[in-house]
1. So what is log10(I(q)/I(0)) for region 102-258 at q = 0.11, 0.13 1/Å, when the Debye sum runs over its Cα atoms only?
2. Could you calculate the contour length gain from VAL244 to TRP466, that is, 0.36 nm times the residue separation minus the distance between their Cα atoms, to one decimal place in nm?
3. Can you bin region 106-154 into rounded, prolate or oblate? Criterion: square roots of the alpha carbon gyration tensor eigenvalues sorted a ≥ b ≥ c, rounded for a/c under 1.5, prolate for a/b above b/c, oblate for the rest.
4. Using Cα pairs under 8 angstrom and six or more residues apart, how large is the relative contact order of region 98-311, in percent?
5. Compute the FRET efficiency between PHE338 and TYR265 as 1/(1 + (r/R0)^6), taking r as their Cβ-Cβ distance and R0 = 45 Å, and round to the nearest 0.05.
6. Taking the simple approach of a point 7 Å from Cα along Cα-to-Cβ for both VAL199 and ASN119, what is their distance in nm?
7. Can you bin region 426-501 into rounded, prolate or oblate? Criterion: square roots of the alpha carbon gyration tensor eigenvalues sorted a ≥ b ≥ c, rounded for a/c under 1.5, prolate for a/b above b/c, oblate for the rest.
8. Placing +1 at every Lys and Arg Cβ and -1 at every Asp and Glu Cβ, with all other atoms neutral, what dipole size does region 98-311 have around its Cα centre, in debye to the nearest 20?
Amino acid sequence: MSGKSRRESQIISEGHSRAAALPILTDQLTQVQQYGAISSIPISDQDSLIQRRRASSMLSARARKLHLASSSVKNGQYQPIDTTISTEIEMMLKSSIPLIVTLLLQYSLTVSAVFFVGNLGSNELAAVSLSNLLANISSFGLIEGIASSLSTLCPQAYGRKEYKMVGLHSLRCFIMLMILFIPIYLFWTVGAYPLLSSVITEVEACKLAAKYLNILIWSVPGFITFEVLKQYLQAQGIFHASTVVLIICAPFNFILTYLLVWNKYIGIGFIGAPTAVAITNTIMALMLLFYSCFINGYQCWCGFSMEIFKNWSRALNLAGPGILMIEAEWLAFEIISFASSRFGTESLAAQSIVSTVCVTIYQIPFAVSIAGSTRIAWFIGSASKNAAIISTKAAIYLSVAFGTVNCIGLTLSASKIAYVFSKDLDVIKLAAKVLIIGAIYQIPDCMACVLGGILRGQGRQYIGGWLNLISYYVLSLPVAYVFGFTLNFKLFGLWIGMIVALVFVSSCELYFVITSNWDIIIKDSLVEDLDAEMIDSNNDNAIHDDTLSLRPSRSIGSLIDHNLLSPTISSPVIDPVDSSLHI
């Protein structure tokens, strides 16, 4: 037997022997919990909770695989998770690779629609651009902002080994978003054309855009389901499931869009593009739901109970700043794009190239931010302060590294990239020059993205939300106007404004992350879990009753970690390697 195997066996054996004695150890308070009393919750309850979580992690195959298991016992107490910078960088990179593929493939769904519809005519291209602009601001941005609350709630619950709370948070968010779908539906089907026609002079483009949105609305339920399930699985360390779904669905969407737009037998022209998106989003949601129910991820399913409709306050408190954070940035970007049209067709075309390239590259740091925020939230949930700090440092190092690589790569290949998008020499020259500004933009952009992810993992989205609001609307747009119009730098001036915003955001976010009070952050996470236990102890129909599950839980983690009020093991025989726990 290898040294690693002997060590794992020793940890598991130690976990068995310690688990039964844990109530005695915690009652004796052999170690004063460093996080202090939380309002009416005594230190003994905090310590008992943390010790139960760390005990269960030592017996969980999944926790060990994700490097989330308590590594030792000292003076009768389970110690916090131990990690290193190199381990965290390795784990984040492993998680980021499938996420990058996922995000790029998901972005390709929009690109396919623009590509095929754009060849129908200028009115059609303008209509799909207007539709996507309105859809992003009035729907998809709101949905992603609300769903971003799960970036905090689900990984922290998973880190606390409160597995079924992961499902509860996800189900609450799903219901919240489906309620939001009602006003979105009414706005897209009734209010879209009056709004567009009041600001856009091209009547035909407005009519086509409204027609496009009337079909695209049916893609929203699938989008909601997919986004919630994606967050639900990512919180469990399952990053590849959405990638596999998109590897299948992205080519399917490309072919389906072509057939519905251009095929002479089944093609329906312009409305074929939104029809393809609606069908693809629905299939993606069903595939990810099937995976969650029958392959992996079902271990965190909470079942149905009235608890789903209670305690929405924290989710709403996180959703508001999440919406502000996303909408502030997206809307500012759209304003910059609209302003570029004032400088002529060449500037608008060059802006389209630069923004497309930057949005595509952005998927890399965004993937790192998701992986980083998930791991940091796990460590916060397990009350492993030092591990959370180390993971934070690793995420920051990666943001600087990727920002530098992106900057150098974009600088060296600016002309070649511009040539891929256009054959107009004037557009290529202008786009290549502006891409140099876009290259400088990469370093603060990567840092702002990853630091925003760290704040989400901490549950402090409100900081990023307010910083985005200030940076884009107090700094970026005024600076862009001065440089672009007053000083006549034109498109270069607009991008200087964007750089100013991101330097401000990344600097401020770095300050708030460095000065984080980790004890307070961990306390806030403990409060949620202790409150949940108090509710469950007085609720005969608590969500932790396995009879309410969609299907019986087969995981060893379920047998140990779901037992909140007692650290004893539910199963007489524990196999340290559970074949159902493939990540």
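None of the figures in this text is laboratory data; all of them are computed from the coordinates on show. All values derive from a computational prediction rather than experimental measurement. Neighbour counts are summed over all protein chains in view; Cβ atoms, including those assigned to glycine, are modelled from backbone coordinates with ideal geometry.
1. With one equal scatterer per Cα and no solvent, log10 I(q)/I(0) is -0.51, -0.68.
2. Length difference between fully extended and current span is 76.4 nm.
3. Note, shape of region 106-154 comes out oblate.
4. This gives 31 percent for region 98-311.
5. FRET efficiency, PHE338 to TYR265: 0.70.
6. Those two pseudo-labels are separated by 3.1 nm.
7. oblate
8. Magnitude of the dipole: close to 420 debye.
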